[in-house]
1. List the residue pairs whose Cβ atoms are under 6 Å apart, where the first residue sits in the stretch 244-264 and is in the same structural domain as GLU277 (by TED's automatic domain parsing) and among the small types (Gly, Ala, Ser), the second is open to solvent by less than 40 Å² (accessible area, probe 1.4 Å) and at pLDDT 95 or above, and the two are 6 or more positions apart or on different chains.
2. Could you grab me the full set of residues in the stretch 204-260 that are part of a helix (DSSP H, G or I), of a type in the set (Ser, Thr, Tyr) and over 21 Å from the mean Cα position of the chain (by Cα)?
3. I'm trying to understand the selection: among the residues of the stretch 284-307, which are over 23 Å from GLU204 (Cα atoms) and either in contact (Cβ under 8 Å) with a residue 24 or more places away in the chain or open to solvent by less than 20 Å² (accessible area, probe 1.4 Å) (or both)?
4. Can you tell me which of (1) loosely packed, with under 14 Cβ neighbours inside 10 Å; (2) within 16 Å of the ligand (Cβ to nearest atom); (3) acidic (Asp, Glu) is the one ASP82 doesn't meet?
5. For the stretch 6-44, give me the residue count where each residue is more than 9 Å from the ligand (Cβ to nearest atom) and within 30 Å of VAL377 (Cβ to Cβ).
6. Which residues, taken from the stretch 260-283, are open to solvent by 10 Å² or more (accessible area, probe 1.4 Å) and not basic (Lys, Arg)?
7. Kindly evaluate PHE296 against the criterion of being part of a helix (DSSP H, G or I), of a type in the set (Phe, Trp, Tyr) and within 21 Å of LEU189 (Cα to Cα).
8. Within the bounds of the stretch 147-156, is there any residue that is open to solvent by less than 10 Å² (accessible area, probe 1.4 Å) and either out of contact with any Ser or Thr (no Cβ under 6 Å at 6 or more places or on another chain) or within 18 Å of PRO44 (Cβ to Cβ) (or both)?
Amino acid sequence: MKEIILEKFAEIFGESEGVGVYFAPGRVNLIGEHTDYNGGHVFPCALTIGTYGAARKRNDNKLRFYSMNFPGRGVIESSLEDLKPYKEAYWTNYPKGVMWAFEQRGMKIPCGMDLLLNGTIPNGSGLSSSASVEVLTGYILRDFFGFDVTNQDLALIGQYSENNFNGVNCGIMDQFAIAMGKENHAIFLDTADLSYEYAPIQLENAKIVIASSNKKRGLGDSKYNERRSECETALAELQKVVSIQSLGDLTEETFEEYKAAIESDVRRKRAKHAVYENQRTIQAVKALQRNDVALFGQLMNASHVSLRDDYEVTGIELDTLVEEAWKIPGVIGSRMTGAGFGGCTVSIVKDDAIDHFIDAVGKAYEKKIGYGADFYVVEIGDGPRAI
Ligand code: GLA
């Protein structure tokens, strides 16, 4: 991959002298969905697929970007004097947003750069290609200019840029999972205080399989921000009767006790999901620690049902992938993952059932939806690095 990227860099920007090559992973969340902006727990892991980037400092303030995934867009130019989001700047709003966020934190970027990317995450699949680009950019800036930031800071800067530059009110999960990724481990993160633990994922005779619905989804256009504000309103209603900081402070029992304070049925369902999903995540990690993969799978399934019925972020594509998966013997658990409204599902599938799973779920999906899904057997990889 390194050679391919350097060659392309030379072709697009002229010789590859002085170029650094880097990688940041994508991520998949195993359980704990739509809990990260509700002060709850998440359980994501970094993948071995992600974004490769080649970068070189310039002598001026220009920024030149090229993505091997969008060759038709050619070189997109900008400059450090113009760190603003523009629709016609497409994906370059992500690296520009990170540069802007560094400057907002008082870390002035001394010169421009040429940046070429090549992503191996299927675009729009919900495996966090944008957060991967954000963390990659932060990593390159730190490496180039020696900024005193930790990997956790890179996650927070990425999230800040996504919230305030790109207008998506996302939580911390994606950037954190990517910046802090560890091979063969998932991250049990408490988003209330960012305390975390690595949990080894040792699936005996089983693998993580991603099914991409191929339904394109832009977080910005989706109902993501709406769900977030529904939860905020529900929290404010609950705070009139119980002293809590976030929905993540409630157990199932305390939620049931106080839920009448939420004035709309819809908001009550949203809050119920946030509370129950958080508790499910805690339980799921405990199950895994006891090596009870079967229970972990059942909790994944319950997570999907809650996202479908109470949080209403699935849709026919994700429901079809999951409901077909549940029919296959050898599927330990299956659920939508990420924001929803398209994107992908994550399933834990026994090794000897994987071929049948891909075949049967793929055929049923195409028959019902009219176009195919893509399947990826994935591995859990490390966080960002120079390569
Ligand atoms: C997106 C967001 C995350 C998280 C998930 C849902 O991936 O970027 O912060 O909220 O959706 O769990």
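1. Matching pairs, first to second residue: SER246/ASN38; SER246/GLY39; GLY248/ASN38; GLY248/GLY39; GLY248/GLY40; GLY248/ASN278; ALA261/GLU237; ALA261/LEU238.
2. Taking the stretch 204-260 first, the residues part of a helix (DSSP H, G or I) are 224-238, 247-249, 252-260.
Subset that is of a type in the set (Ser, Thr, Tyr): 224, 229, 233, 254, 258.
Once the filter is applied, which keeps residues that are part of a helix (DSSP H, G or I), of a type in the set (Ser, Thr, Tyr) and over 21 Å from the mean Cα position of the chain (by Cα), the stretch 204-260 yields THR233, THR254, TYR258.
3. Of the residues in the stretch 284-307, the ones over 23 Å from GLU204 (Cα atoms) are 304-307.
Listed by number, the residues that qualify are HIS304, SER306, LEU307.
4. The single condition ASP82 does not satisfy is (2).
5. 15
6. Matches in the stretch 260-283: ALA260, ALA261, GLU263, SER264, ASP265, VAL266, TYR276, GLN279, ILE282, GLN283.
7. Values: part of a helix (DSSP H, G or I): yes; of a type in the set (Phe, Trp, Tyr): yes; within 21 Å of LEU189 (Cα to Cα): yes.
Yes; evaluated as a whole, the condition is true for this residue.
8. First, the residues of the stretch 147-156 that are open to solvent by less than 10 Å² (accessible area, probe 1.4 Å): 154-155.
Next, only the ones that are either out of contact with any Ser or Thr (no Cβ under 6 Å at 6 or more places or on another chain) or within 18 Å of PRO44 (Cβ to Cβ) (or both) stay: 154-155.
Checking the stretch 147-156: at least one residue is open to solvent by less than 10 Å² (accessible area, probe 1.4 Å) and either out of contact with any Ser or Thr (no Cβ under 6 Å at 6 or more places or on another chain) or within 18 Å of PRO44 (Cβ to Cβ) (or both).
The values are calculated or read from the model by the stated rules, or taken from the named source; none is laboratory data. What you see is a predicted model, and the numbers here were worked out from it, not measured in a lab. Quick reminder, even Gly has a Cβ in these numbers, built from the backbone with ideal geometry, and neighbours come from all protein chains shown. Side chains included, ligands, DNA and RNA excluded: accessible areas come from the protein's heavy atoms. Shrake-Rupley method; radii C 1.70, N 1.55, O 1.52, S 1.80 Å.
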